[in-house]
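Data first, discussion second: the structure below is written as structure tokens.
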Amino acid sequence: PEEVRVYEFAEKAGKSVADVIKVLFNLGMMATKNDFLDKETIEILAEEFGLEIKVKDVLEELDYVSAYDAIEDDYLEERPPVITIMGHVDHGKTSLLDFIRHSKIAEREAGGITQHIGAYMIQKDGKKITFIDTPGHEAFTEMRARGTQATDIAIIVVAADDGVKPQTVEAVNHAKNADIPMIVAVNKIDKPDANPDLVKSQMAELGITPSEWGGEYEFVNVSAKTGEGVDELLDTILLQAELMELKANPKREAKAVVIESSLEKGRGPVATVIVKNGTLKVGDHVVCGVAYGRARAIIDDMGKMVKTRTPSEPGMVVGLDKVPPAGEIMIAVKDAETARMYAERRAEYERQKELSKTTKVTLEELSQLV
Ligand code: GTP
Ligand code: MG
């Protein structure tokens, strides 16, 4: 999102507002001087006027303020993959994750507190993997908000006794649109009426051809009930992740994405985030859209207080002044003043954007301006 309005563009371009509106009008766009211009339109205008123009969102600008940027490459380290589990309702997404968690994190505190947090981290042969479970019934829009920004690989869970269903197709399309690699977990293989070959042919019809049939997709038969195939699924994930060479710089200021948020009794606004870059620390001043504050506490997926979260690690951040929406980016800044300033600027930006959206273009206004 950009912050440039028609008159600001005109000022910056050294043109009259009328000229800019005329050009927009000729391009089939009705605009008034206070309307915001999107990136594409600005590019077209710039070309029209023979100008070179760069625009930035306030937070985008922030995102790049890091002393490490110039030497970033020297600090890049391997990071764990972030996996989103998607699929049709009741096909066993949560059960699969439950099996993986109970069998793989046994070393950690037993009787782990049930936390309603959408992201979990596990270890397999010393390698970490972060999972995001997506609820079957929830509107797909929210899942998209969580998924596209934070996910490296999608696991499409298809029940072998039920086959490809509408939400399976949706999940596949979502991963395709986001350009995320997919691994298919054919679940409930323990059931007597399981028909994994039917699932394969149904998926192939969607263009998801199994590698054993000459396609590029890995299919793994699993059972969340017996645990059959789960190890193989984890190995397949780690192999795919290795090919992707996922990296981040744990030394820089944290940048994280909100996958879930709520207002909690005694805690106030909380945001479950996955760190995309940098290290998030307790005490960090953060800005998260129009929300800001200090990370007073960070709680991991087992309900344990932790001091830091490194790239790909999930954590619940306590200390924001408001509840940020899922999909929002959280950025650590140097002090409280900076955090407040960016949150306020962002709020003002959103107010203006909203205002310009509701502004009606009247013929009078047009004739006055053009
Ligand atoms: P939503 O989150 O509602 O979309 O469902 P889900 O995909 O998370 O399914 P969930 O894990 O809740 O499982 C649905 C039902 O299938 C439960 O009754 C599970 O016990 C059962 N189930 C899941 N996996 C298996 C499996 O591998 N074998 C058998 N026999 N049952 C399974
Ligand atoms: Mg579930």
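The values are calculated or read from the model by the stated rules, or taken from the named source; none is laboratory data. Values in this document were obtained by computation on a predicted structure and should not be read as measured data. Here the Cβ positions follow ideal geometry from the backbone for every residue, glycine too, while neighbour counts run over all protein chains shown. Surface areas here come from the heavy atoms of the whole protein model, side chains and all, with no ligands, DNA or RNA. Shrake-Rupley method; radii C 1.70, N 1.55, O 1.52, S 1.80 Å.
Some notes on this structure:
- The 3J(HN,Hα) values that the Karplus relation (6.51, -1.76, 1.60; θ = phi - 60°) gives for region 329-341 are, in residue order, 9, 10, 10, 7, 10, 6, 8, 4, 4, 4, 4, 4, 4 Hz. Gly and Pro appear as x.
- Average silhouette area of region 147-270, convex hull of alpha-carbon atoms, in square nanometres: 10.7 nm²
- Considering only GLY229, PRO210, SER261, the residue lying farthest towards the positive end of the dipole of region 204-266 is SER261, judged by Cα position with unit charges set on Cβ.
- Calculated from backbone phi, Karplus (6.51, -1.76, 1.60) coupling profile of region 276-282 in Hz, x at Gly/Pro: 8, 8, x, 10, 8, 10, 4
- Three semi-axes of the equivalent ellipsoid, region 146-216, Cα gyration tensor, whole Å, largest first: 21, 14, 10
- Heavy-atom accessible area, probed at 1.4 angstrom with all protein chains present, ranks MET330, MET302 as MET302, MET330, highest first.
- The ASP235 and PHE25 beta-carbon pair, evaluated with R₀ = 45 Å, returns a calculated FRET efficiency of approximately 0.15.
- Per-pair calculated FRET efficiency, R0 = 25 Å: GLU350 and LEU51 via Cβ, rounded to 0.05: 0.35
- Under 5 Å from the amide H of ILE259 lie the amide H atoms of THR272, VAL273, ILE274, GLY327, each residue being 5 or more positions distant or on a separate chain, with H modelled from the backbone and absent for Pro and chain starts.
- Efficiency of FRET between GLU205 and LYS127 - r from beta-carbon atoms, R0 51 angstrom, step 0.05: 0.90
- HN-Hα J in Hz across region 121-132 - Karplus 6.51, -1.76, 1.60, θ = phi - 60°, x for Gly and Pro: 10, 10, 10, 9, 6, x, 9, 8, 9, 9, 10, 10
- Across region 236-317, Cα-Cα distances exceeding 17 Å account for 47% of all pairs.
- List ASP74, ASP231, ASP35, ordered by accessible area with a 1.4 Å probe, largest first: ASP74, ASP231, ASP35
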